[in-house]
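A short write-up of the structure that comes next.
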Ligand code: GLY
């Protein structure tokens, strides 16, 4: 008789927590996932762009390497997810267009091109005639463009639905509660409820902390590891009636503002996203105005589309924009949070890493090494006796 798999509790049911839970259960672990509203946090508001090349940023070479490692896993991950759930994540391979409107916007697009060259990342420059051929609905003033064919995209909400179904079929038990790690004898031995319901406890071998921006404030976590997370609010819209308008995702720089447009198989168009150093999830007039102004300048037809929904959620930002991943000094805890703007993209590599660490105690995913969950020291405490 084979020995039973380890018992694991995953705290947090966004795409990261769900994918870790599904992956662990598929490999024989006995998994509970605790979240009062799985899939309703940042994953609900994501654009779904899997765009390591387009999101490349100066001085973030380690993050780019991790993003490329995850991007390479996505086609297989999407196929497995569909097979396991009968829900297609709607993976698209047509690529991303970077478009600038005025001269300053054009300079920004060319700076992106320089960066891509520096990292030997593939892209094509498009003439205005070529741009009109591939995206005729864009405003005639949109002259400056790059095409990044390797960038992919998925429908974030289909990914969430697929993961919920795949996790359930693999035997993951969903617990609609907030939980916090139980520490005994210097190790994490389970999870106890920390909300208002009837007290509940689950004993386990490992807790995976994947609660997005809330991870650092889960009771007791600050004593185990320093997670310097900060909320970065994003507002995002869905408009209906856009079938046939765009065949690519479009990342626009519009008179200095940034906007992305993502077509959906449902005929909807996603318009995102604000980036605000705020800790609330209100949809605001200013947020909508900012997005719609840039979107209608880039794609005038947006003005004729119907509003389907507008949501705001909090990205889990970190000081270096990189995720917080892996084991901590206290045995029995694995951290998977801080994915900031890249949660959807980094889901497959994070699930593989966490599965390796929980089941084998080590992982050979070298690209994750710079993103150790323990890389930030605890905040220094000022003691009066330290004063001169
Ligand atoms: N990754 C897109 C966003 O965070 O808005």
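The values are calculated or read from the model by the stated rules, or taken from the named source; none is laboratory data. These numbers come from a predicted model, not from an experiment. Neighbour counts are summed over all protein chains in view; Cβ atoms, including those assigned to glycine, are modelled from backbone coordinates with ideal geometry.
Odds and ends about this structure:
- Candidates 209, 246, 289 - the one that is away from the ligand (no atom under 16 Å from the Cβ) and within 30 Å of residue 5 (Cβ to Cβ): 209
- Of all the listed residues (145, 167, 210), the sole one being more than 27 Å from residue 69 (Cβ to Cβ) and either in contact with a helix residue (DSSP H, G or I) (Cβ under 7 Å, 6 or more places away or on another chain) or buried (at least 23 other Cβ atoms within 10 Å of the Cβ) (or both) is 145.
- Residue 8 vs. criteria more than 18 Å from residue 353 (Cβ to Cβ), crowded, with 22+ Cβ neighbours inside 10 Å and away from the ligand (no atom under 16 Å from the Cβ): no
- Answer residue from segment 41-70, given it is in a loop (DSSP other than H, G, I, E, B) and touching a strand residue (DSSP E or B) at 6+ places or on another chain (Cβ under 9 Å) and is nearest to the ligand (Cβ to nearest atom) among those: 47
- Qualifying position, being within 16 Å of the ligand (Cβ to nearest atom), under 25 Å from residue 32 (Cβ atoms) and crowded, with 21+ Cβ neighbours inside 10 Å, among 346, 333: 346
Yes/no per residue for (1) surrounded by fewer than 19 Cβ atoms within 10 Å (Cβ to Cβ); (2) within 16 Å of the ligand (Cβ to nearest atom); (3) assigned to a helix (DSSP H, G or I); (4) at pLDDT 95 or above:
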{"position": "31", "(1), (2), (3), (4)": "no, no, no, yes"}
{"position": "36", "(1), (2), (3), (4)": "yes, no, no, yes"}
{"position": "39", "(1), (2), (3), (4)": "no, no, no, yes"}
{"position": "72", "(1), (2), (3), (4)": "yes, no, yes, yes"}
{"position": "79", "(1), (2), (3), (4)": "yes, no, yes, yes"}
{"position": "82", "(1), (2), (3), (4)": "yes, no, yes, yes"}
{"position": "108", "(1), (2), (3), (4)": "yes, no, yes, no"}
{"position": "111", "(1), (2), (3), (4)": "yes, no, yes, no"}
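- Residue 345 satisfies every condition listed in (1) within 24 Å of residue 53 (Cα to Cα); (2) at pLDDT below 95 except (2).
- In segment 231-245, the residues that are part of a strand (DSSP E or B) and touching a helix residue (DSSP H, G or I) at 6+ places or on another chain (Cβ under 8 Å): 231, 232, 234, 235, 236, 237, 239
- Filtered residues of segment 270-282 (kept if within 15 Å of the ligand (Cβ to nearest atom) and either in a strand (DSSP E or B) or over 26 Å from residue 147 (Cβ atoms) (or both)): 270, 271, 272, 276, 277, 278, 281
- In segment 93-104, the count of residues that are within 29 Å of residue 304 (Cβ to Cβ), part of a helix (DSSP H, G or I) and at pLDDT below 95 is one or more.
- Count of residues meeting criterion [assigned to a loop (DSSP other than H, G, I, E, B) and buried (at least 16 other Cβ atoms within 10 Å of the Cβ)] in segment 127-140: 4
- Evaluating residue 338 against the criteria (1) within 15 Å of the ligand (Cβ to nearest atom); (2) farther than 16 Å from residue 209 by Cα; (3) within 16 Å of the chain's Cα centre (by Cα) leaves one unmet condition, (2).
- Residue 227 being under 21 Å from residue 317 (Cα atoms), touching a residue at least 12 places away in the same chain (Cβ under 8 Å) and touching a strand residue (DSSP E or B) at 6+ places or on another chain (Cβ under 8 Å): yes
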